[in-house]
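First up is the structure itself, then whatever we jot down about it.
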Amino acid sequence: MNPLLNHFATPFNTAPFSSINIEHYLPAIEQAIQTGKQEIQQITTNPAPATFENTIVALERSGELLDRISSIFFNLNAAETNSELQQLAKQISPMLAAYGNDIILDEELFRRINQVYESKNQLTLNAEEATLLDKTYKSFIRNGANLSENEKSSLREIDNQLSRLSLEFGENVLHETNQFSLEVTNPEDLKGLPESVREASAQAALEAGKENSWLFTLHLPSYIPFMMYAGNRQLRRQLYQAYATRGCQNNDYDNQTVVLDIVKLRQERAQLLGFETHAHFVLQERMAENPDKVQHFLQDLLIHAKPVAKQEVEELTTYAKQINGPEELQRWDLSFYSEKLKKEKFTIDDEILKPYFQLEKVIEGVFAVSNKLYGLVYKENTEIETYHPDVKVYEVEDEEGRHVGIFYCDFFPRPGKRNGAWMTSYRSQQKVNGSDQRPHVAIVCNFTKPTSSKPALLTFNEVRTLFHEFGHALHGLLANSTYSSLSGTHVYWDFVELPSQVFENWTTEKESLDLFARHYQTGEPIPDDLIQRIKDSTNFMSGYATLRQIGLARLDLAWHTTQANTVEDVFTFENKTLAETEIFTFVPGANTSCSFSHIFQGGYSSGYYSYKWAEVLDADAFEFFQEKGVFNKQTATLFKQHILSAGGSEPPMILYKRFRGKEPSPMALLKRNGLLKV
């Protein structure tokens, strides 16, 4: 029997990873697609008149088997992939795209949905039901339900091509990331690198069969510390150039044509559906509403950030010269001299902080913070199966001992795991036939592994990353919706980062750090003056960091608002777009677009601005927490009720105003980042 098609007879019906083999996926997905089609057919052949229950809810509940199987498949393709799985993804992705399109372009199904939608004023729907109806109707219109047969067939073809191209884009970036390594054989070239970084790189070299050498890669736990601490400028340049030229080296893994093809197809799709550009299409379903609002939002930030960023780089250049650095700083110098100046200004650097942030303690810390705010309790369960020995699983309960959800943690880099950090879900929360199906969520990161002599110690940035992803996990775990498509993180893209970014604020609060930040050797709590220095240093180079994010958001928007057939060269287009937000001279051969996975592989196309948008929300929201104390139960309950548990059950601005009592203002963010001299 195929374990993917059976009922999961496991604790909490969790995925039976050990029973699943690669050959199970394709037949299971084929079977699940057939089951899904039968469920749709039951809706369209129902002789009874269309109602909210027999059409909208029936459609919402259809395809659950397929969701369950495909979530396991795609989660593993990101966290524990291999060439077989990647090949299979190329086969499966178009099948799923075709299945989705068959539903969305089913005329009889749309006719029934339309009947319910047109009678909505006569229906007595609650807020969540009204949202589901509106979302369902719009998704059909936005996906071509009103198109002619010829247009529908063009849409299907475009979606298949886009599905294939985004996979190809991601594989090219992963290959280029894995392919490069910098082998150092002269200990002199390690000058400046902390002991922990040397150990990790020596271990990486041994694992690659190289003795008496140190291996550095383009994976972030290796790349970032090298760029930050390595005194050898030539090697920094070499590593930077390898990182910055991924996907644009005119080889078999080049993404330039892939990028141009993706943006052309996205524009074609948008215009087929009656939208001016892909960005107009995307932003119709966002808090930001349209590209003009996003441009104004970014322009407002640019006005405040650019002068501060220029001052910061001037100060950094002066400082570098004083310590015999180069006359003119380049991009491969930025992290190195920033870290030195930061250390001098605030007598703080990652190596001073890391001993206080042992991974296990930080995990206990996020658990403790969420316990104080929301009453959650975490119990490790070794009976629940995982897809890799590194993964840990926790049962989550509330203060009354009721089951809240299952939480998977996967923290260390592996060759089959993509870069970065993300939260994902194996099962969404929903309420079916009176019972509340609780969620199974995971966070996946790439933190430096413990060595034989040292536990896993996190940089302060990694601590923030862990809190960030945990904020997403809370959004999934505390979900309390009737329908899975409106549950947890199923919210507008420019709202989804609020729970994660607001949770980062507890990384600089003394009350929070006191719960977990202890020296891994002595057990001493992190000193108060170090906490203050962390706070003081948080805004260090914040003008430049903001400018960089504005640049990426503008690049994303430019790709998706420009008439695609007018773009002939990726490099020229990118350099022109980024000119206003760049302070350093362009590096020949370097290109962001060709490895910009967020917008060409992930779901952030026309949505990269949402990181900054969410910062405005999170600064404004956290200001509210600070008014009554960061662990104030009343504020936490409001946030849980109207943001975390509400998911996408109502428009986000309505939910936010219920929590905050007003619309968000950018003032709190500008103040927090030191971009507003108040």
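Hey, can you tell me all the residues within the stretch 296-318 that are within 28 Å of the chain's Cα centre (by Cα), crowded, with 17+ Cβ neighbours inside 10 Å and not basic (Lys, Arg)? Listed by number, the residues that qualify are 297, 298, 301, 302, 304, 305, 308, 309.
The residues on offer are 28, 50, and the sole one that is touching a Pro at 6+ places or on another chain (Cβ under 9 Å) and assigned by TED's automatic domain parsing to the domain that holds residue 135 is 28.
Restricting attention to the stretch 1-29, the residues that are touching a residue at least 40 places away in the same chain (Cβ under 8 Å) and either surrounded by fewer than 13 Cβ atoms within 10 Å (Cβ to Cβ) or of a type in the set (A, V, I, L, M) (or both) total 9. The residues of the stretch 202-235 that are part of a loop (DSSP other than H, G, I, E, B) and under 14 Å from residue 448 (Cβ atoms) amount to a single one, 219.
Is one or more of the residues making up the stretch 101-109 within 22 Å of residue 437 (Cα to Cα) and within 29 Å of the chain's Cα centre (by Cα)? Within the stretch 101-109 (the criterion being within 22 Å of residue 437 (Cα to Cα) and within 29 Å of the chain's Cα centre (by Cα)), the answer is no, since none of the residues qualifies. Residue count for the stretch 366-390 under the criterion of being touching a residue at least 12 places away in the same chain (Cβ under 8 Å), not in a helix (DSSP H, G or I) and not β-branched (Val, Ile, Thr): the result is 11. Among the residues making up the stretch 319-339, those that are at pLDDT 95 or above and under 28 Å from the mean Cα position of the chain (by Cα) are 331, 332, 333, 334, 335, 336, 338.
Picking from residues in the stretch 77-96 that are free of Cβ contacts under 8 Å to residues at least 24 places away in the same chain and within 24 Å of residue 443 (Cα to Cα), the one that is nearest to the chain's Cα centre (by Cα) is 77. Out of 59, 147, I need the residue that is hydrophobic (A, V, I, L, M, F, W, C), in contact (Cβ under 8 Å) with a residue 12 or more places away in the chain and surrounded by fewer than 20 Cβ atoms within 10 Å (Cβ to Cβ). Which one? Matching residue, one of 59, 147: 147. Each residue in the stretch 609-636 was checked for being surrounded by fewer than 23 Cβ atoms within 10 Å (Cβ to Cβ) and in a loop (DSSP other than H, G, I, E, B), and 4 pass. Residues that are buried (at least 19 other Cβ atoms within 10 Å of the Cβ) and among the aromatic types (Phe, Trp, Tyr) within the stretch 338-366 comprise 356, 357, listed in sequence order. Residues in the stretch 664-678 that are surrounded by fewer than 19 Cβ atoms within 10 Å (Cβ to Cβ), outside any loop (DSSP other than H, G, I, E, B) and among the hydrophobic types (A, V, I, L, M, F, W, C): 667 only.
Scan the stretch 526-549 residue by residue and report those that are in contact (Cβ under 8 Å) with a residue 60 or more places away in the chain and either closer than 14 Å to residue 507 by Cβ or surrounded by fewer than 17 Cβ atoms within 10 Å (Cβ to Cβ) (or both). 526, 530, 533, 534, 536, 537, 539, listed by residue number. Of everything in the stretch 84-131 that is modelled with pLDDT of 95 or more and part of a loop (DSSP other than H, G, I, E, B), the residue that is farthest from residue 481 (Cα to Cα) is 119.
The single residue among 73, 12 that is more than 26 Å from residue 159 (Cα to Cα), modelled with pLDDT of 95 or more and in a helix (DSSP H, G or I) turns out to be 12.
Within the bounds of the stretch 125-148, is there any residue that is in contact with an Asp or Glu (Cβ under 7 Å, 6 or more places away or on another chain), among the β-branched types (Val, Ile, Thr) and outside the structural domain of residue 50 (by TED's automatic domain parsing)? No, every residue in the stretch 125-148 fails to be in contact with an Asp or Glu (Cβ under 7 Å, 6 or more places away or on another chain), among the β-branched types (Val, Ile, Thr) and outside the structural domain of residue 50 (by TED's automatic domain parsing). Just one of (1) surrounded by fewer than 17 Cβ atoms within 10 Å (Cβ to Cβ); (2) touching a helix residue (DSSP H, G or I) at 6+ places or on another chain (Cβ under 6 Å) fails for residue 661. It is (2). Name the single residue that is nearest to the chain's Cα centre (by Cα) among those in the stretch 578-591 being surrounded by fewer than 21 Cβ atoms within 10 Å (Cβ to Cβ) and farther than 19 Å from residue 304 by Cα. This residue is 590.
Residue check: residue 342 meets all listed conditions (1) touching a residue at least 40 places away in the same chain (Cβ under 8 Å); (2) within 26 Å of the chain's Cα centre (by Cα) but one, namely (2). Picking from residues in the stretch 184-201 that are over 30 Å from the mean Cα position of the chain (by Cα) and assigned to a helix (DSSP H, G or I), the one that is farthest from residue 334 (Cα to Cα) is 187.
Is it fair to say residue 159 is touching a residue at least 60 places away in the same chain (Cβ under 8 Å) and not in a loop (DSSP other than H, G, I, E, B)?
Values: touching a residue at least 60 places away in the same chain (Cβ under 8 Å): yes; not in a loop (DSSP other than H, G, I, E, B): yes.
Yes, satisfied.
The set of residues from the stretch 356-402 being closer than 18 Å to residue 79 by Cβ, touching a helix residue (DSSP H, G or I) at 6+ places or on another chain (Cβ under 6 Å) and among the charged types (D, E, K, R) comprises just one member, 385.
The values are calculated or read from the model by the stated rules, or taken from the named source; none is laboratory data. Keep in mind it's a predicted model, so treat the numbers as computed, not measured. Neighbour counts are summed over all protein chains in view; Cβ atoms, including those assigned to glycine, are modelled from backbone coordinates with ideal geometry.
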